[in-house]
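Presented below is the structure to which this report refers.
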Amino acid sequence: MEESCGADGKEQVQKALNAQLLNIDMDLQREAKRMIANLTDKMVLDLKKYIQHISLSPDSINNDDAVTPLMKYLDDTLVILNESLVKENLDRVLHGLWRLLLRLIFDTVAENRGVSVEFYGRFHYTVEALVEFFHAEGEGLTLEDLRNEDYKALEEELRLNKCSSNELIEQYFLEKICQQRTLKHSKFGRISVKCYYEAADQRLTVEVLHAADLIALDANGRGMNPGAWSFTGRQEGGTLFVRSC
């Protein structure tokens with residue numbers, strides 16, 4: 001080629017060939033995405049049916065029994081696809097199917113607000129079972145791909161809604177503790193308090209547990225001594241007590 005076209009001609013031919021190959025590859029990718037979208041679209045009705053089965057299952061039913069029809073449908077479908085598609089296209093189908101399942105489950109949960117904790121627990125079990133199914137002990141999608149932002153949002157929604165009141169309170173304080181550990185040092189110092197309400201006496205008590213590095217605000221420049229701080233005031237509907245420990 002170099003002898004017939006010269007060095008410059010050879011370079012131009014290579015650029016043209018590379019451009020053609022790139023265009024062909026992009027066309028193939030678009031066609032693959034279109035076919036995968038058509039495939040997953042055809043599965044929507046069946047998936048909705050099996051997800052509705054999970055949604056309408058009585059709270060007394062075992063989670064495995066509620067999820068089994070969906071898992072069997074997916075297993076039967078992917079066995080056929082595994083025999084028909086190369087690994088790259090199979091992975092594309094799995095990604096599309098995973099996104100579709102997350103969206104369908106999220107929509108179902110959004111349509112059923114205020115239901116029993118067993119409902120949310122059942123779908124939380126379903127999502128985790130699907131993660132294990134699609135991961136396939138490392139042969140399928142990676143856990144990083146499965147636990148994407150959509151998964152995290154759905155998992156948190158289900159996890160919190162399936163908790164009892166006491167578990168939610170505990171989770172709230174655990175998150176507050178984590179926030180405190182990441183707080184940056186404040187120029188105003190640090191203070192830790194404990195608050196509790198005594199319903200019988202309609203009294204809210206705030207105890208100062210610890211204070212450090214507080215800036216001096218008094219005229220004498222000594223700042224606030226938490227050990228000497230005490231306040232009692234009348235509040236609407238009860239009494240407010242503030243004292244140090």
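Tabulated data for the structure shown
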{"item": "From 16, 32, residue being at negative phi and either modelled with pLDDT of 90 or more or surrounded by 11 or more Cβ atoms within 10 Å (Cβ to Cβ) (or both)", "result": "32"}
{"item": "Restricting region 86-102 to residues that are open to solvent by 60 Å² or more (accessible area, probe 1.4 Å) and either of a type in the set (Val, Ile, Thr) or under 17 Å from residue 70 (Cβ atoms) (or both), the residue that is modelled with the highest pLDDT", "result": "99"}
{"item": "Residue check for residue 55: modelled with pLDDT of 70 or more and either within 30 Å of residue 124 (Cβ to Cβ) or open to solvent by 80 Å² or more (accessible area, probe 1.4 Å) (or both)", "result": "yes"}
{"item": "Filter result for residue 122 (of a type outside the set (Phe, Trp, Tyr), in contact (Cβ under 8 Å) with a residue 24 or more places away in the chain, open to solvent by less than 30 Å² (accessible area, probe 1.4 Å) and farther than 25 Å from residue 39 by Cα)", "result": "yes"}
{"item": "Among the residues listed as 111, 167, 156, 132, the single one being acidic (Asp, Glu), surrounded by 10 or more Cβ atoms within 10 Å (Cβ to Cβ) and within 21 Å of residue 59 (Cβ to Cβ)", "result": "167"}
{"item": "Members of region 170-199 that are open to solvent by 100 Å² or more (accessible area, probe 1.4 Å) and touching a Gly at 6+ places or on another chain (Cβ under 9 Å)", "result": "197"}
{"item": "Some residue of region 155-163 being farther than 30 Å from residue 96 by Cβ and modelled with pLDDT of 75 or more", "result": "yes"}
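The values are calculated or read from the model by the stated rules, or taken from the named source; none is laboratory data. All values derive from a computational prediction rather than experimental measurement. FYI the Cβ positions are ideal-geometry reconstructions off the backbone, even for glycines, and counts take in every protein chain you see. For accessibility, only protein heavy atoms count, side chains too; no ligands or nucleic acids. Shrake-Rupley method; radii C 1.70, N 1.55, O 1.52, S 1.80 Å.
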